[in-house]
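Asks: Right, I'll just put the structure down here and ask away after.
The values are calculated or read from the model by the stated rules, or taken from the named source; none is laboratory data. All figures in this text were calculated on a predicted structure; none of them were measured in a lab. A quick note on method: Cβ atoms are made from the backbone with ideal geometry, for glycine too, and the neighbour counts reach across all protein chains shown. For the accessible areas, the whole protein counts, side chains as well, though only heavy atoms, and no ligand, DNA or RNA atoms are used. Shrake-Rupley method; radii C 1.70, N 1.55, O 1.52, S 1.80 Å.
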Protein chains: 2
Amino acid sequence: MTVTPTDPPALAYSTENCTVGRAMDVLGERWTFVVLREVFNGVRRFDDMRRRTSMPRQVLTNRLATLVEQGLLRRVPYQVPGARSRHEYRLTEKGFDLYPVLIAVRDWGDRYLADPGGSPVAFEHRGCGGEVHLAMVCADGHTVTDPRDVMTRPGPGAHPAS
Amino acid sequence: MTVTPTDPPALAYSTENCTVGRAMDVLGERWTFVVLREVFNGVRRFDDMRRRTSMPRQVLTNRLATLVEQGLLRRVPYQVPGARSRHEYRLTEKGFDLYPVLIAVRDWGDRYLADPGGSPVAFEHRGCGGEVHLAMVCADGHTVTDPRDVMTRPGPGAHPAS
DNA sequence: AGGCTAAGTCTGATTGACAGACTCAGCAAC
DNA sequence: GTTGCTGAGTCTGTCAATCAGACTTAGCCT
């Protein structure tokens, strides 16, 4: 019996059509981000991820499956000489585009949760070597430093009742 | 019996001292981000959040409590005339600093998960009116467009074994 | 044939999500 | 001065998810 009778996950906790809610449907599971961090770090294989994160096998299986299903990862076959062919997990473009989120989370984590020694990883710009961070910019090119300078407006797809 | 005998949450799934893992200890619960979205949108009261998100009361109670405990929100008393005094939830600075994460998530969600009509919210720069997005920049001021231009290096607080 | 390994699946116990009913404090109206 | 209303919860029971540990499977190698 290979069929898992899990009924379709069916997008949950979204306020109407809020894309943040929807994104959290995809990303909100506990371990999802940790998996993505590993993949961004170049860890692509099941057991490597398991060893590094010590997450339960089944959860990893599930997360990888969901991420593949959602189009964030794809399975790519590979073969180490003298071993049977297996597959590893790589980012799709949709997955790659989560990079800013990862950096945003890391920036925040570094500021508030790092050990006294500092962050265990650094992201540097290939070529110039400068450390990479996130910035909020507006369409006119201004850099926004204070969130209070950002106004939330209804967008084109806003829900009528509010 | 008012004492809930929940043992301290005790940081879980972190690879060593990875700040992404730690951040996800704080942010990784399903509804946390949805709560933060509401607070950033100016929704500060229990029942308003509940009405807008239709999340279970108890979960909201728990999330708010964890967020207060983690120092992302603080409870502020308020009083509507002719009603008893209550309290609402406001962002602390630590909470405010999550704004880039929220925008990063929204940017991604808008790109891949929006309705055909587009995003239901827009963030605009107070003053100039331009739409606010996130950008990756390096210390030398270059804007990074491709994640592949970012190299991950061990940082100052890297764990020895790897 | 037997062993090894990566990537799983199966099973059962603990934890968390969720819904619905109940509580509690203060104001207001009767 | 008791009844009712409202916001912000708590209590209880059910159902799903997490987790750990043992088992499985496919291919290669000796």
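Asks: Go through the range A:98-156 and count every residue that is of a type in the set (Lys, Arg), under 20 Å from B:LEU91 (Cα atoms) and touching a helix residue (DSSP H, G or I) at 6+ places or on another chain (Cβ under 6 Å).
Replies: Total meeting the criteria: 1.
Asks: Residue by residue through the range A:63-93, note down the ones that are assigned to a helix (DSSP H, G or I) and either more than 11 Å from DNA strand C (Cβ to nearest atom) or away from chain B (no Cβ under 14 Å) (or both).
Replies: A:LEU64, A:ALA65, A:THR66, A:LEU67, A:VAL68, A:GLU69, A:GLU93
Asks: Look at the range A:127-162 and say how many of its residues are closer than 21 Å to B:ASP107 by Cβ and outside any loop (DSSP other than H, G, I, E, B).
Replies: Counting residues in the range A:127-162 that are closer than 21 Å to B:ASP107 by Cβ and outside any loop (DSSP other than H, G, I, E, B) gives 17.
Asks: Further question: Take the residues in the range B:62-75 that are open to solvent by 30 Å² or more (accessible area, probe 1.4 Å) and out of contact with any Ser or Thr (no Cβ under 6 Å at 6 or more places or on another chain); name whichever of them is farthest from DNA strand D (Cβ to nearest atom).
Replies: Within the range B:62-75, the match that is farthest from DNA strand D (Cβ to nearest atom) is B:GLN70.
Asks: Could you please find all residues in the range A:53-62 being under 17 Å from A:GLY28 (Cα atoms) and within 10 Å of chain B (Cβ to nearest Cβ)?
Replies: A:MET55, A:VAL59
Asks: Can you name the condition, by its number, that B:HIS133 falls short on among (1) within 7 Å of chain A (Cβ to nearest Cβ); (2) crowded, with 19+ Cβ neighbours inside 10 Å?
Replies: Against the list (1) within 7 Å of chain A (Cβ to nearest Cβ); (2) crowded, with 19+ Cβ neighbours inside 10 Å, B:HIS133 comes up short only on (2).
Asks: Which of the residues spanning the range B:47-61 are free of Cβ contacts under 8 Å to residues at least 24 places away in the same chain and open to solvent by 10 Å² or more (accessible area, probe 1.4 Å)?
Replies: Filtering the range B:47-61 down to residues free of Cβ contacts under 8 Å to residues at least 24 places away in the same chain leaves B:47-54, B:56-58, B:61.
Scanning the range B:47-61 gives B:ASP47, B:ASP48, B:ARG50, B:ARG51, B:ARG52, B:SER54, B:PRO56, B:ARG57, B:GLN58, B:THR61.
Asks: Could you please find all residues in the range A:26-49 being assigned to a loop (DSSP other than H, G, I, E, B) and within 16 Å of A:PRO120 (Cβ to Cβ)? If you could, list the steps in order and put the result at the bottom.
Replies: Narrowing the range A:26-49 to residues assigned to a loop (DSSP other than H, G, I, E, B): A:28-31, A:41-45.
Selection gives A:ASN41, A:GLY42, A:VAL43.
Asks: Specify the residue that is most open to solvent (accessible area, probe 1.4 Å); the eligible residues are those in the range A:94-126 that are within 7 Å of chain B (Cβ to nearest Cβ) and part of a loop (DSSP other than H, G, I, E, B).
Replies: In this case the residue turns out to be A:ARG126.
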